[in-house]
Amino acid sequence: MMSFLRHGSSEITGAVLILVISVVLSVSLLALFINYINGSLQSLYSGPLGYHCEFTVIGYAVNATANTYKVALALYNYGTATCIINNAAVINATTGNVIMVIPYSNPIKFNRFTIVTVIVNSIKPPFIIRFYSNDGYAGGTLVE
């Protein structure tokens, strides 16, 4: 009898090889996709859904002297992070124009409650005092 030499692989070996290659490629694509989604969620949690300063003015007191108003404002942080206030603005309540901007060289930092004093000498009440935090949150009140 004559024997034929067969060169190459059988159909079963080819099918198993194609199956293994497709499984490896699909697992690596799945790993890349999961890594991309995880990175997107992490940036979302550290961005808009992360810990932020959220505060409100819960009260104020005005001490009026000759053309100067010393306003003490009580700020309450109901957010989950420490508030860092970089600046404040005094706004004319009737026109909406910014009268003055108060930058703080030493930012105001508070966790729950603090009292901030603002001296306004260019306008009589009513005016709005608005504070701006380091992460973009703004809060203020109308002083009458």
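Condition (residue is among the polar types (S, T, N, Q) and either at pLDDT 90 or above or surrounded by 14 or more Cβ atoms within 10 Å (Cβ to Cβ) (or both)) applied to the stretch 74-82: is it met by at least one residue? Steps first, please.
Of all residues in the stretch 74-82, those among the polar types (S, T, N, Q) come to 77, 80, 82.
Filter once more, so that each one left must be either at pLDDT 90 or above or surrounded by 14 or more Cβ atoms within 10 Å (Cβ to Cβ) (or both): 77, 82.
Looking through the stretch 74-82, at least one residue is among the polar types (S, T, N, Q) and either at pLDDT 90 or above or surrounded by 14 or more Cβ atoms within 10 Å (Cβ to Cβ) (or both).
Please find, within the stretch 122-139, the residue that is surrounded by the most Cβ atoms within 10 Å (Cβ to Cβ) out of those that are modelled with pLDDT of 85 or more and closer than 23 Å to Ala64 by Cβ.
Selected residue: Phe131.
On the given criteria, is Arg112 within 22 Å of the chain's Cα centre (by Cα), open to solvent by 70 Å² or more (accessible area, probe 1.4 Å) and modelled with pLDDT of 90 or more?
no
Taking Ile91 as the residue in question, decide whether it is out of contact with any Asp or Glu (no Cβ under 7 Å at 6 or more places or on another chain), part of a loop (DSSP other than H, G, I, E, B), open to solvent by less than 50 Å² (accessible area, probe 1.4 Å) and more than 21 Å from Tyr51 (Cα to Cα).
no
Checking His7 against (1) modelled with pLDDT of 80 or more; (2) of a type outside the set (Gly, Ala, Ser); (3) open to solvent by 100 Å² or more (accessible area, probe 1.4 Å), which single condition isn't satisfied?
(1)
The values are calculated or read from the model by the stated rules, or taken from the named source; none is laboratory data. This structure is a prediction, so every number in the text was calculated from the model and none was measured. Glycine also receives a Cβ, built like all others from the backbone with ideal geometry; neighbour counts cover every protein chain displayed. For accessibility, only protein heavy atoms count, side chains too; no ligands or nucleic acids. Shrake-Rupley method; radii C 1.70, N 1.55, O 1.52, S 1.80 Å.
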